Amino acid sequence: ERRFALGVQLVEGATDPLAISAALARIAEAAIEVLSAATIDEFRKVHGAIPGSELAIIGLGRMGGGALTHASDLDLVYLFTEGEGGESDGRRPLGATMYYNRLAQRVTAAMSVPTAEGALYEVDMRLRPSGEQGPPAASLDSFERYQREQAWTWEHMALTRARALFGSAEARQRIEAIIGDVLTARRDPEPLRTDVLDMRAKMAGHKPAKGPLDAKLARGGLVDLEFLVHYVQLREGRGLHPHLGEAVRALVGAGLLRDSLI
């Protein structure tokens, strides 16, 4: 109902589309919060909890940037903090990795299950550290190690829009610290530039603009702007805000981009 009401406002031109985009993201964030908590409660009735350990969820892409459209899926990464014991304390105990992989699948199902009112969201987990074929959840330590040692440039570009959406304040702070350290690491500008241009060229080959009015994919359109912003963010380690508009304003304020790009 909330999304429908926003759709009506969009069609009638009653509200700024960017405000509607932000509102759609807040609704999705609320759904993640409520459904994850409910799923965890149900899961614990059978499998218990792992002492000192918890599930955390990161949003990437449009969800991370807090700017969804009506057609957006949710780019999510499931992480878990390492607990004191290797096994849950319920009547059907599970090891930590199995516990959180099953829990992540349940949370995804809760957010994407078809109902009489329709489906809520499509969940995309392709940006997880283990890749599309790997397990759905990763420990925070393995996530940090992967981002520092193995991640490709495009994965760090995606990380510029990462935002913790679920988890305790402590878990969120740790996630933000890891992301901040990875994104502010020193980089050689030329290989970075080459990687970014190569990725943009491949994307143009796979997804060409549909015509001169394709504001997203046309030359000089939104995708080019995003690539430019992410390149400068990684090169300089500055303007690291997941919201694209805020990132552009910060980089312009630092004299790193022209103010016409705002």
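The values are calculated or read from the model by the stated rules, or taken from the named source; none is laboratory data. All figures in this text were calculated on a predicted structure; none of them were measured in a lab. Glycine gets a Cβ as well: all are built from the backbone with ideal geometry, and neighbour counts include every protein chain shown. Side chains included, ligands, DNA and RNA excluded: accessible areas come from the protein's heavy atoms. Shrake-Rupley method; radii C 1.70, N 1.55, O 1.52, S 1.80 Å.
State which residue is nearest to the chain's Cα centre (by Cα) when the search covers only the stretch 103-134 and only residues that are in a helix (DSSP H, G or I) and small (G, A, S).
Pass one, the stretch 103-134, residues in a helix (DSSP H, G or I): 103-112.
Subsequent filtering for residues that are small (G, A, S) retains 104, 109-110, 112.
Working: A104: 15, A109: 18, A110: 18, S112: 17 Å.
Filtering the stretch 103-134 for residues that are in a helix (DSSP H, G or I) and small (G, A, S), the one nearest to the chain's Cα centre (by Cα) comes out as A104.
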### Task
Output the qualifying pairs, or none if there are none: Cβ atoms under 6 angstrom, residues six or more apart or on different chains, first residue in the stretch 64-88 and over 20 Å from E54 (Cα atoms), second residue β-branched (V, I, T).
L74/V123
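For the stretch 179-215, how many residues meet the condition of being open to solvent by 90 Å² or more (accessible area, probe 1.4 Å) and in a helix (DSSP H, G or I)? Before you say what the answer is, go through the steps one by one.
First pass over the stretch 179-215, keeping only residues open to solvent by 90 Å² or more (accessible area, probe 1.4 Å): 186, 188, 190, 193, 197, 202, 206-207, 210, 212-213.
Within this subset, residues satisfying the condition of being in a helix (DSSP H, G or I) are 190, 193, 197, 202, 206.
Adding up the residues that qualify gives 5.
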### Query
For the stretch 135-160, which residues satisfy the criterion of being part of a helix (DSSP H, G or I), open to solvent by 20 Å² or more (accessible area, probe 1.4 Å), over 20 Å from H241 (Cα atoms) and touching a residue at least 12 places away in the same chain (Cβ under 8 Å)?
D141, S142, Y146
### Message
I'd like the full set of residues that are over 16 Å from G64 (Cβ atoms), open to solvent by 40 Å² or more (accessible area, probe 1.4 Å) and touching a residue at least 60 places away in the same chain (Cβ under 8 Å), limited to the stretch 19-36.
### Response
L35
### Task
Return only the number of the condition from (1) more than 30 Å from A201 (Cα to Cα); (2) in contact with a strand residue (DSSP E or B) (Cβ under 7 Å, 6 or more places away or on another chain) that M125 does not satisfy.
(1)
### Summary
Note on the stretch 50-74: residues modelled with pLDDT of 95 or more and aliphatic (A, V, I, L, M) are L55, A56, I57, I58, L60, M63, A67, L68, L74
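When residues of the stretch 61-85 are filtered for being open to solvent by 10 Å² or more (accessible area, probe 1.4 Å) and of a type outside the set (S, T, N, Q), how many remain? Show your work before the answer.
Initially, the stretch 61-85 is screened for residues open to solvent by 10 Å² or more (accessible area, probe 1.4 Å), giving 61-62, 66-67, 69-73, 75, 80-85.
Pick out the ones that are also of a type outside the set (S, T, N, Q) and you get 61-62, 66-67, 70-71, 73, 75, 80, 82-85.
Total satisfying the criteria: 13.
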### Matching option when the condition is surrounded by fewer than 20 Cβ atoms within 10 Å (Cβ to Cβ) and in contact with a Lys or Arg (Cβ under 7 Å, 6 or more places away or on another chain), among E176, E122, E132
E132
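Of these, S53, S88, which one is farther than 30 Å from H243 by Cβ, among the polar types (S, T, N, Q) and crowded, with 21+ Cβ neighbours inside 10 Å? Write out each step before concluding.
Details: S53 fails: crowded, with 21+ Cβ neighbours inside 10 Å.
S88 is the lone residue from the list that is farther than 30 Å from H243 by Cβ, among the polar types (S, T, N, Q) and crowded, with 21+ Cβ neighbours inside 10 Å.
Condition check ((1) closer than 22 Å to M157 by Cβ; (2) of a type in the set (D, E); (3) in contact with a Leu (Cβ under 8 Å, 6 or more places away or on another chain)) across all residues:
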residue	(1), (2), (3)
S21	yes, no, yes
A25	yes, no, yes
T39	no, no, yes
E42	no, yes, no
L55	no, no, yes
### Task
Enumerate the pairs (first residue in the stretch 38-57 and over 16 Å from I175 (Cα atoms); second residue anywhere and of a type in the set (A, V, I, L, M, F, W, C) and in a loop (DSSP other than H, G, I, E, B)) with beta-carbon separation below 6 Å, excluding pairs fewer than 6 apart on the same chain, so at least 6 apart or on different chains.
H47/L94
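Results for (1) hydrophobic (A, V, I, L, M, F, W, C); (2) not in a helix (DSSP H, G or I), shown as yes or no for each residue.
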position	(1), (2)
Q9	no, no
A14	yes, yes
A28	yes, no
V34	yes, no
A38	yes, no
R44	no, no
S53	no, yes
D75	no, yes
Y78	no, yes
